[in-house]
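Below is one structure; the comments refer to it alone.
Laboratory data are not the source of any read-out in this text; all were calculated from the coordinates shown. Bear in mind the structure is a predicted one, so any value in this text is a computation, not a measurement. Here the Cβ is made from the backbone with ideal geometry for all residues, glycine too, and neighbour counts use every protein chain on show.
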Amino acid sequence: MTNTPLLSVHDLKTYFMMDEGVVKAVDGVSFDVRAGQIFGIVGESGCGKSVTMKAVLRIVEPPGKIVGGEILWRHQARQNGSSDAHVVDLVKFDANSKEMRDIRGAEIALIPQEPMASFSPVHTVGDQIIEAVLLHQDVSKREARNIALQMFKDVGIPIPEQRLDEYSWQLSGGLRQRAIIAMALSCNPRLLIADEPTTAVDVTTQAQVLRLLRRLQEQRNAAIIFITHDLGVIAQMASYVMVMYLGLVMEQGSVDEIFHAPGHPYTQALLRSIPTITMMPRVTLPTISGSIPHPFNKPRGCPFHPRCGKAVAGKCDERTPALKPVGEKQLVSCFLYHDAEVSS
Amino acid sequence: MTNHPSASLRTSPIAPSPHHLLEVKNLKKYFPIRKGFFRKTVGNVRAVDDVSFFINEGETLGLVGESGCGKTTASRCILRALVPTAGEMIFRTKEGASADLAKLSRAELRPLRPQMQMIFQDPYGSLNPRMTLFDIVGEPMYVNGVKNRKERVERVAELLRLVGLRPEYMQRYPHAFSGGQRQRIGIARALSVSPRLVVADEPVSALDVSVQAQILNLLLDLQKRMNLTYLFVAHNLSVVRHICDRVAVMYVGKLVEMANTLELYAAPKHPYTAALMSAVPVADPRIKTGNVELKGEVPSPANPPSGCYFHPRCEFAVEICSKDAPLFREITPDHFVACHRADELRLSGIAQ
């Protein structure tokens, strides 16, 4: 039972049908997330990391659309304390259906990137959390308030009784981030999706938030999908890492494999190009030539080949490599390791 | 005054030296808080509160701190984008004269402006979308006396090549370029009037990781070629370590520490610096960081705590810390710190 993944995404494709053409934001992404795992997703802008998560929550805004693949979720019916688990495909549900609304927020919760934009400024933070609790749990308003209060205590907000009745704009950046985490946790989700939860905060607040997430994950044994572009945060938080580039998975593996034995040239180049706290200062950093292509002119074949030092002409620019295992847990999509390509 | 280890060490970093390009002495910038019908001043936000430091010619000084610590306000005062409330900013001009930027009038500042330029954080917000690259990069030259169009075209082409862009792009508009390329345009604009001091306010924080390295390399390369002096304002401590010769740390409007980069990172003397260092997530899963947790929140610069501003969050605070503000003094040569207990504390930096 513990080996069946909590979330299993297969060949997910999410396209944006724009007037100018189709943007293939997520173009065949597969991964598994297990209970209790901190699953890191790294990638630069436009790699599709946020769109993948929006697809899982079924909150992709039009003109975006899931055009293929499946999102298998191990659903646990909550009624009468029974714990019969069965697997459902979230792609089959209507985005606004009762089934999807029961899962979204209750079983899969989101910690969004911008805590300021995520709270309503005209309702107190307490009321917003209580609303979420009432929506998903069969409790009275008073009990819901107690749950919200307990959440505030759990995430370490000082004087929680008073903070519950304040508005989001009265809270500092760090407190607001804690409040949004409290809201995400209020319905005991089994999967928490944290989309760049610390990019808007300072490093000391970031350290507090990361520590909090790690502690909550250990206590509740929830899984966390952690999305970021900060390789330092990923190294410190995740146990398993997926690297994305232009809508495709470049590499997956344990955090140690990704940082100490990266297989894909993109992962290797990315790790080399960041200045680290242990290297010689003021030396010329190895760079990745060029810049990320515009999503409308994605290169043919492997999306990284125009910037790749190891690209093979006639191969990498013609065919797209598939994600195949190269180690015990590591998967790489690169022709340097195998010859399997994505069937189109 | 606390005990001094040696009489030759300075009590303040404002002793003049011929190597200094800029000396900032007791710089203050207060923003008044006004209330009521008569807009009476009821208090001040002390964004920059008695800050003193210097920058040597040809070096990079990093100014770090968390949001709201006053690092951007301080850098804007130096460029006189803001008028400081008090203090001196002695700039050594190209001709070798000394000018106090804080006292000069707008007209007197004008001939000095080309010597001090700025690189901005947001490459999307800092370029006018209705101007071509030629207009953007050429405008500062035009304003400063290069009225001949042909000459400007030649100089712009040269500058674009210098920052790694093709001169043929001169007639294009900024929207045709990616974030990294836009940042190169901003750098070309700053360099168009041959500045000596360049203030770079978070120049890479809006860029993707793979592009960040290109811009850092460019900044280092340009510094070598043109003998530029950088004031590098940033919050990413890994980037600061990579590019800066010396680093100054700010907390709630005050400088708490200033030292050679490697010394500061290996052996910080101020508990706040040590806490900042330990909060940096290292991109190696085998090194676990974040062991020192800094409790509480950054105080408001409108209502700072008594004594040392850091004392309510400091695990080493003693009685004197809540009473007297510590002096910003030299503890070992070129290592300045504002902490009562700097001589006795043994703080750990980042393991090398």
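Here are the numbers for the structure shown:
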read-out: Estimated inter-spin distance, B:A15 and B:K40, nm [label 7 Å along Cα→Cβ]; value: 4.7
read-out: For segment B:305-352: rounded, prolate or oblate by the Cα gyration tensor [a/c cutoff 1.5]; value: oblate
read-out: Inverse mean reciprocal Cα-Cα distance (Kirkwood Rh) of segment B:245-352, Å; value: 14.4
read-out: C-alpha center-to-center spacing [segment B:260-321, segment A:175-247] in angstrom; value: 23
read-out: Dipole magnitude (debye, nearest 20) for segment A:40-170, charges at Cβ of Lys, Arg, Asp, Glu; value: 140
read-out: B:V153 paired with B:N128, simple spin-label distance in nm, labels 7 Å along Cα-to-beta-carbon; value: 2.1
read-out: Cβ charges +1 (Lys, Arg) and -1 (Asp, Glu), total dipole of the protein assembly as shown, debye; value: 1580
read-out: Net dipole in debye of chain A [+1 Lys, Arg Cβ; -1 Asp, Glu Cβ; about Cα centre; nearest 20]; value: 340
read-out: Selection from A:M151, A:L171, A:S118, by position along the positive dipole direction of segment A:117-188 (Cβ); value: A:L171
read-out: DSSP beta bridges in chain B [antiparallel fraction, %, rounded to 5]; value: 65
read-out: Distance from segment B:107-131 to segment A:327-341 (C-alpha centre basis), Å; value: 48
read-out: Charge dipole (the protein assembly as shown, unit charges on Cβ, about Cα centre) - positive-most of B:V298, A:M53, A:V91; value: B:V298
read-out: Cα extents of segment A:117-188 along the three principal axes, largest first (Å); value: 32, 23, 19
read-out: Average partner coverage of A:232-238, which counts Cβ from other chains inside 10 Å; value: 5
read-out: Shape call, the protein assembly as shown: gyration tensor on alpha carbons, a/c limit 1.5; value: oblate
read-out: Principal axis dimensions, chain A - Cα atoms, whole angstrom, descending; value: 67, 50, 44
read-out: In order through segment A:225-234: 3J(HN,Hα) via Karplus (6.51 cos²θ - 1.76 cosθ + 1.60), integer Hz, x for Gly, Pro; value: 9, 10, 9, 7, 9, 8, 5, x, 5, 4
read-out: Estimated inter-spin distance, A:K92 and B:E315, nm [label 7 Å along Cα→Cβ]; value: 5.3
read-out: Peptide B:214-224, shielding by other chains (average Cβ, 10 Å cutoff); value: 3
read-out: Residue-by-residue Karplus 3J(HN,Hα) for segment B:81-95, coefficients 6.51, -1.76, 1.60, Hz, glycine and proline x; value: 6, 10, 8, x, 6, 7, x, 10, 9, 8, 10, 8, 7, 4, 7
read-out: Options B:G43, B:G307, A:L135, ranked by Cα towards positive dipole end of the protein assembly as shown, top entry (Cβ charges); value: B:G43
read-out: Above-threshold pairs, the threshold being 21 Å between Cα atoms, out of A:K153/B:K323; B:K94/B:K224; A:K24/A:K49; B:K254/B:K323; A:K54/A:K153; value: A:K153/B:K323; A:K54/A:K153
read-out: Nearest-0.05 FRET efficiency for B:D135 and A:D11, computed from C-beta distance (R0 41 Å); value: 0.30
read-out: Cα pair distances of segment B:24-116 binned at 5 Å [whole percent]; value: 3, 12, 21, 22, 18, 12, 7, 3, 2, 1, 0
